[in-house]
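Accompanying notes for the structure given below.
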Protein chains: 2
Amino acid sequence: MQVPVRRIDLTDNTSFDVYDTSGPYTGYASAAECHDLAIGLPRTRDDWAHPGPVPASATASASASACGTGSDQPPLVRTQLAWARAGLVTPEMRFIAAREGVDEELVRSEVAAGRAVIPANHRHPECEPMIIGKRFMTKINANIGNSAVTSSIAEEVEKMVWATRWGADTIMDLSTGSDIHATREWILRNSPVPVGTVPIYQALEKVGGDPAKLTWELYRDTIIEQCEQGVDYMTVHAGVLLRYVPLAAKRVTGIVSRGGSIMAAWCLAHHRESFLYTHFAELCEILAAYDVTFSLGDGLRPGSIADANDEAQFAELRTLGELTRIAKSHGVQVMIEGPGHVPMDKIVENVRLEEEWCEEAPFYTLGPLATDIAPGYDHITSAIGAARIAEAGTAMLCYVTPKEHLGLPNRDDVKTGVITYKIAAHSADLAKGHPRAQDRDDALSKARFEFRWRDQFALALDPDTAREFHDETLPAEPAKTAHFCSMCGPKFCSMRISQDIRDYAAEHGLETVQAIEAGMAEKSAEFADAGGRVYLPISTN
Amino acid sequence: MQVPVRRIDLTDNTSFDVYDTSGPYTGYASAAECHDLAIGLPRTRDDWAHPGPVPASATASASASACGTGSDQPPLVRTQLAWARAGLVTPEMRFIAAREGVDEELVRSEVAAGRAVIPANHRHPECEPMIIGKRFMTKINANIGNSAVTSSIAEEVEKMVWATRWGADTIMDLSTGSDIHATREWILRNSPVPVGTVPIYQALEKVGGDPAKLTWELYRDTIIEQCEQGVDYMTVHAGVLLRYVPLAAKRVTGIVSRGGSIMAAWCLAHHRESFLYTHFAELCEILAAYDVTFSLGDGLRPGSIADANDEAQFAELRTLGELTRIAKSHGVQVMIEGPGHVPMDKIVENVRLEEEWCEEAPFYTLGPLATDIAPGYDHITSAIGAARIAEAGTAMLCYVTPKEHLGLPNRDDVKTGVITYKIAAHSADLAKGHPRAQDRDDALSKARFEFRWRDQFALALDPDTAREFHDETLPAEPAKTAHFCSMCGPKFCSMRISQDIRDYAAEHGLETVQAIEAGMAEKSAEFADAGGRVYLPISTN
């Protein structure tokens, strides 16, 4: 079993390995240069030895049978959740343990507890397994997919490759329009990361865009179509209940989730309970057959600071908790979608309630945006909230690009969104004390302190931009090894004094700070001897 | 007395007022177009009636006399701190109360307690007074000033005007080089916001860049020169003591503050205690004469995640607390500089210790950067930390531009840095429940919900960028009034359903959610009558 890693070669002949999401595309200028997109990636997971079917649940839960399964015998399924509960370590779990640098048993036990999910449809064997859970590295998702104006299919594949190059751990294909099936097929066959969808979008296309015409049967067939194709996780807005819709009337920004508003429209039009809710157990049976993970959608997430943590939002969250228990009783993995626009003082409460009501299922949040007043900068308003909510326990962050609220993201916006969210996720990993997180900060800071500019660039989340910014002021090659930078200039650099102190310690064999203090008087004389200058012009180095 | 405000006219014939820092330059393409920069701004504060001298301190503190003032009688001074302690409300306090929308007594009492400062040198009468304290709006500072390569003086004035246009509450002139005095003069005479400096930079220029050649007398003369010119607050690294320097030897990135490393170099070269520390009481007497505010510098701030909250950093902070008490006994206002690079889980401790050790003097922090791994994006890594530390009580944030660690910021970088920090500051104000903060979020979100695109742009922190991003996808003028946006297209928009619900409620006089629920059956029939469509194409609107 080969586990991907990106090895960064450093100028001191060492190297530094980082978690990598870019699959085989690393280093190619475009996806098409890497391999034939019509053939797709190797179906690696097909060759792995998976356990056979096991009971969906150790004990059939009361809530499951109450909801219409009608059976006291749990069905046999082949899902990571059921295998984990049966005490089995799957190849995916082993792969993930190596990838994250943790014990296989931690992976298995977190999945068994429902605190982590491995989105890996049996029909997406091209995927490199990854895990979403608060005990692991915080993950990020990038949305791709055209909106009203269709871009080409190949373009969507390139967007996926571009997003994963910069670190997207999963991508969601939110395509609408006529080529939705074909676009998804190309993306799935070429994606090294799990692919999520919001199936109601395609269902809506099938009824010409009229929510009232949606039916359970049509939705079910869409779900099966997407399961067959290999979608790894699906957003299902089954928590938007008829009685919650009026709660949104009081809001400043009403319902801002597309899936949420589609279901609200359906409920209003028919004055009946959502078919996603009434048929939820059947939905579980379908997803269990493929090991597709539920991403229970937050159709009533707040779209403005004023609406944060309100009755509508939390009413839905409680229902998602109820649905979580049903899904797990079917052996289906579940994560819970959350936030939107939430001020910083109300962020932690979201995590607390989600964990309490949804059995600590992995939380997957959009941002949240910590303020509404900066359209054009919502990657930043949301990174502030995202870092905070991830520190509090959110397992995956859905990125926001600078174009949020204003238009469709282009290639640069996608990159900016992904890098911004890698920053938020990594900041949270540092704060949570993730075992490997600080290593990269230390390696980069060490390179910075030692004026190894090329290493500093190479270790950065975005080496290209770091190098480009440096070169704007000091473009020449010698500047890449200069012991100063453009901020302070050659005559004076604050980091030099520290190196003088350290060199002094090394030279004199002074191991401890106390010893250095003792050497202070001597150092003083030495400084005077050297002309009292600690900062020498570059030419003398 | 006229108090500045920026009035945003909205398309519904209402308007929205926001706090404004841009002085008379608002709306001019450049500073030079606004007025003759050689003449400078009107000296408004010279005409205000200020109280006469009052005792520097109600009771001469023991620490002050221990430190060399040698007098039991507190001197008479004319500072905002001494006036506030004497129960006097100055014109500056009245101006600020109106500007912030708070009681004059809150302003006075916070200044009297040393929890807020009003940086307003008697010799900078062109300045529009503002306050820095945690009970008020979180402020941001933008650094300007050339580094090794000299830019023109006029360019520096334009940078100041540019930074304040986007919301910088103060600017720091960090110029080095030969024109340092003249540059500062131009900036001061034309700046509507307080100007801060780090006087040791100019002192170092005077001795040809050799820290060992610095003397107390030369530094003192530099301080007086800058006080005379009108500098409002000065960074003084008086907490870098000889015995703390070796603590930095153990660090990954040593000393990263320029001022800190200059003083460390001096201490090492002479093996004597810092002259800033030993002459601190004399420094207080000089600053008191002009009402210049101390910004006690954090010369040992951490330059990497690895060095955060370490012994060196906190040893200095304790000393800053000692100096705070001395300064206040002289009637001098004080703020404390802090962070640098700090992971999120260690941020709040910084505020807690600063408040405990420094008598809750306003905290003024650089970022902090929540991770080291994203050079090129350090406005974002630091906005994450800045929002967090401001929420915890930091009163002013020093901005970081995307070029941090890599090069000198250009005009775009300055703007990006300022807007990013306005976001962080405002997010904190929302979280702290600042009385006026959410009004702007609500106004913008209401405009968004009602598809008033022009109002959404106008209320944004950066209207130009918001409009530009919108127009990239939907450039035509009609799109500015369209009831949809490019994200979901004309056929479907999630916000419409909410408006349908609300319209229904208004039409039927249903005031409460319960009543709306009761009307649900009727609504259902109505939907069916209307053809079951809630989303109508734009052409029918």
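The values are calculated or read from the model by the stated rules, or taken from the named source; none is laboratory data. None of these values were measured; they are calculated from a predicted model. Using ideal geometry, Cβ is built from the backbone for each residue, glycine included, and neighbour counts are taken over all protein chains shown. Accessible surface is based on the protein model in full, side chains and every heavy atom, while ligands, DNA and RNA are left aside. Shrake-Rupley method; radii C 1.70, N 1.55, O 1.52, S 1.80 Å.
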> Under 17 Å from the Cα of B:K446, which lysines turn up, not counting those fewer than eight places away in the same chain?
Replying inline: A:K250, B:K480
> Amide H neighbours of A:V77 under 5 Å, counting only residues 5+ apart in sequence or on other chains, H built in-plane at 1.01 Å?
Replying inline: A:V54, A:A56
> Based on the Cβ-Cβ distance of B:A38 and B:A113, what FRET efficiency does E = 1/(1 + (r/R0)^6) give at R0 = 41 Å, to the nearest 0.05?
Replying inline: 0.50
> Rounded to the nearest 20 Debye, what is the dipole magnitude of segment B:111-261 about its Cα centre when Lys and Arg each give +1 and Asp and Glu each give -1 at the C-beta?
Replying inline: 880
> Over the C-alpha atoms of segment A:191-262, what are the Rg and the largest Cα-to-Cα span, Dmax, in Å?
Replying inline: 14.0, 43
> Rounded to the nearest 20 Debye, what is the dipole magnitude of segment B:388-470 about its Cα centre when Lys and Arg each give +1 and Asp and Glu each give -1 at the C-beta?
Replying inline: 80
> At 4 °C and 1.567 mPa s, what whole-number value in µm²/s does Stokes-Einstein give for the translational diffusion of segment B:144-253, with Rh from the Kirkwood sum over Cα pairs?
Replying inline: 85
> Under the Karplus relation 6.51 cos²θ - 1.76 cosθ + 1.60, θ = phi - 60°, what is the ordered set of whole-Hz ³J(HN,Hα) values for segment A:327-333, x standing for Gly and Pro?
Replying inline: 4, 5, 5, 8, x, 8, 6
> segment A:81-117 to segment B:22-53: how many Å between their Cα centroids?
Replying inline: 66
>> Residues of segment B:409-443 with backbone nitrogen within less than 15 Å of a virtual label 7 Å along the Cα-to-Cβ line of B:E155, please, listed as ranges.
In response: B:409-414
> How large is ³J(HN,Hα), in whole Hz, for each residue of segment A:399-413 in order, when computed from phi with the Karplus curve 6.51 cos²θ - 1.76 cosθ + 1.60 and θ = phi - 60°, using x for Gly and Pro?
Replying inline: 5, 10, 9, x, 7, 3, 6, 10, x, 8, x, 9, 4, 5, 5
>> Probe radius 1.4 Å, ligands and nucleic acids left out: can you give me the accessible area buried at the B-A interface, summed over both chains, in Å² to the nearest hundred?
In response: 9900
>> Would you work out the Kirkwood radius for segment B:176-314? I mean one over the mean of 1/r across all pairs of different Cα atoms, in Å.
In response: 15.6
> Over what distance in Å are the Cα centres of segment A:411-440 and segment A:365-386 separated?
Replying inline: 15
>> What lysines does B:K159 reach when the alpha-carbon gap must be under 18 Å and sequence neighbours fewer than 8 apart in one chain are set aside?
In response: B:K403, B:K415, B:K422
>> Output wanted: per-residue J couplings in Hz (rounded whole) for segment B:158-169, from phi through Karplus 6.51 cos²θ - 1.76 cosθ + 1.60, θ = phi - 60°, x for Gly and Pro.
In response: 4, 5, 4, 5, 4, 5, 6, 4, 8, x, 5, 7
> Within the P(r) computed for segment B:309-449, what percentage of the Cα pairs occupies the region above 26 Å?
Replying inline: 32
> Projected onto the charge dipole of segment A:357-453 (+1 at Lys/Arg Cβ, -1 at Asp/Glu Cβ, origin at the Cα centre), which of A:G393, A:G407, A:L430 gives the Cα projection farthest towards the positive end?
Replying inline: A:L430
